[in-house]
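Comments concern the structure below.
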Amino acid sequence: MKTEENISQELISKLKEWHNTGNHLKVVLELKAFSKTSESYLLTNLLARALNNLNLYEEALGLLQSVSEQGKEDRDWQFRVGYSLFYIDGRETESIPYFEKAIALGDDYPSTYELLLEARSFLDDNVQDNKSHEEEFTFVPEAYAQINLNMRLQPKYRAHIEDSLDYMLRLKKWGCVSGGGTSIGKNGEPESCDIEIDLVSYSEEMKNNVISIAKNLEIANGSKLKYYAKNENVNQEFNVECPIGKLAGLGVYIDTKVLEGQQIEVDTVIELYNSLINILGNNGALTPSHSENTNQIALYFYGEREYEYLLNKITPFLKDNVVGKNCKVVQIA
């Protein structure tokens, strides 16, 4: 493996832009066509990352293993190997030591903690019981934080975010998640979610810690973070409220009367939902959810690309789908 001296900054900037906008296929095509990719540790890693984001986990894992010696102390390499293994059926628990090493090396993304928790759920009960004691600690909160999610999530989907935050905060001895809730509109549709956090201290350092964590969450744009002291009488110099989140939101609304009139079974709607997850999930981060009332079924998708891209991605499929052709699609974040 040669040095990185001959890699142009123009190429790196282009790859970074494509990654940040979810154009993972462009990254793959560019790097596979570039003759020096196999000679570069950096480019091999970036290619593997893009393949992971396109759900090509076996191919990504093979590339990462080819540079394993250089990746031993690289938190990004450790995470990517763990990510590949976690999404390969039957190899979920093999990802655990890689996620743990990534965290030990300084990985501060809540999604890493979430994947580690999920990977541990595949262990037998005795091992899980031993691990559960790692997160236990008690404290008297001196500050609070509230994260308002501009996302229409059912409690079980919100819980994925809560659990990863709680696990991360406890391991760092910074605090814990103390509660959460979902705001429901008059029509029974989720409107937004809140996550409440207790923190061990009220300080500039803790404020920055919370902001850093919140900005790394894979959540919708339009979300907000609030940090404030427990005691209203103290100097409020560290209080802050700031915007967070980067995912775009798309809602697919299905009129239940249309389904009844065409005698369409619920299973057909479920098939539509799963198909849209597969289509949109082939672009990196994706958080799905749904809701149902007497008048409509709503399917929600939050992805790392802009709304127009997500819309264009699913429109051809919807036009040819017995349910999709009669639905309404709107931007929700």
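The values are calculated or read from the model by the stated rules, or taken from the named source; none is laboratory data. Worth saying up front: this structure is predicted, and the values here are computed from it rather than measured. Here the Cβ positions follow ideal geometry from the backbone for every residue, glycine too, while neighbour counts run over all protein chains shown.
Please state which of the following conditions Arg91 fails to meet, knowing it meets all the rest: (1) more than 30 Å from Asp124 (Cα to Cα); (2) surrounded by fewer than 19 Cβ atoms within 10 Å (Cβ to Cβ); (3) out of contact with any strand residue (DSSP E or B) (no Cβ under 8 Å at 6 or more places or on another chain).
Condition not satisfied by Arg91: (1).
Quick one: which residue in Glu30, Glu17 is surrounded by fewer than 21 Cβ atoms within 10 Å (Cβ to Cβ), free of Cβ contacts under 8 Å to residues at least 12 places away in the same chain and either assigned by TED's automatic domain parsing to the domain that holds Glu306 or assigned to a helix (DSSP H, G or I) (or both)?
Glu17 is the lone residue from the list that is surrounded by fewer than 21 Cβ atoms within 10 Å (Cβ to Cβ), free of Cβ contacts under 8 Å to residues at least 12 places away in the same chain and either assigned by TED's automatic domain parsing to the domain that holds Glu306 or assigned to a helix (DSSP H, G or I) (or both).
Here is a list of conditions, (1) part of a helix (DSSP H, G or I); (2) farther than 22 Å from Asp166 by Cβ; (3) at pLDDT 95 or above, and Lys101 meets all of them except one; can you say which number that is?
(2)
Yes or no, residue by residue, for (1) within 17 Å of Leu153 (Cβ to Cβ); (2) in contact (Cβ under 8 Å) with a residue 12 or more places away in the chain; (3) in a loop (DSSP other than H, G, I, E, B):
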position: Tyr227; (1), (2), (3): no, yes, no
position: Gln236; (1), (2), (3): no, no, yes
position: Gly251; (1), (2), (3): yes, yes, no
position: Glu271; (1), (2), (3): no, no, no
position: Thr287; (1), (2), (3): yes, yes, no
position: Phe301; (1), (2), (3): yes, yes, no
position: Lys313; (1), (2), (3): no, yes, no
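So Arg158 clears everything in (1) of a type in the set (D, E, K, R); (2) more than 29 Å from Tyr228 (Cα to Cα); (3) in contact with a Cys (Cβ under 9 Å, 6 or more places away or on another chain) except one condition, right? Which one?
(2)
Considering only the range 275-282, I want to know if a residue exists there that is touching a residue at least 60 places away in the same chain (Cβ under 8 Å) and either surrounded by 14 or more Cβ atoms within 10 Å (Cβ to Cβ) or on the phi < 0 side of the Ramachandran plot (or both).
The answer is yes, given that some residue of the range 275-282 is touching a residue at least 60 places away in the same chain (Cβ under 8 Å) and either surrounded by 14 or more Cβ atoms within 10 Å (Cβ to Cβ) or on the phi < 0 side of the Ramachandran plot (or both).
Return only the number of the condition from (1) out of contact with any His (no Cβ under 9 Å at 6 or more places or on another chain); (2) in a strand (DSSP E or B) that Ser212 does not satisfy.
Exception for Ser212: condition (2).
List every residue pair whose Cβ atoms sit under 6 Å apart, with the two residues 6 or more apart in sequence or on different chains, where the first one lies in the range 174-198 and is free of Cβ contacts under 8 Å to residues at least 24 places away in the same chain and the second, anywhere, is buried (at least 18 other Cβ atoms within 10 Å of the Cβ) and hydroxyl-bearing (Ser, Thr, Tyr).
These pairs meet every condition: Ser183/Ser192.
Give the residues of the range 47-94 that are of a type in the set (Ser, Thr, Tyr), in a helix (DSSP H, G or I) and more than 23 Å from Gly22 (Cβ to Cβ), sorted by residue number.
Ser68, Thr93
Identify the single condition in (1) farther than 20 Å from Asp108 by Cβ; (2) in contact with a helix residue (DSSP H, G or I) (Cβ under 8 Å, 6 or more places away or on another chain); (3) of a type in the set (Val, Ile, Thr) that Ile197 does not satisfy, given that it satisfies every other one.
(1)
Quick check on my filter: what residues within the range 253-269 are part of a helix (DSSP H, G or I) and either charged (D, E, K, R) or assigned by TED's automatic domain parsing to the domain that holds Gly188 (or both)?
Going through the range 253-269, the residues part of a helix (DSSP H, G or I) turn out to be 256-261, 266-269.
Selection gives Lys257, Glu260, Asp267.
Just to be sure before I move on: is Ser183 in a strand (DSSP E or B) and among the polar types (S, T, N, Q) in the structure I sent?
Details: in a strand (DSSP E or B): yes; among the polar types (S, T, N, Q): yes.
Judged against the criteria, Ser183 is a match.
With Asp255, Asp267 as the choices, which residue is loosely packed, with under 12 Cβ neighbours inside 10 Å and over 15 Å from the mean Cα position of the chain (by Cα)? Please lay out each step first, then the result.
Values: Asp255 fails: loosely packed, with under 12 Cβ neighbours inside 10 Å.
Only one candidate passes the filter, namely Asp267.
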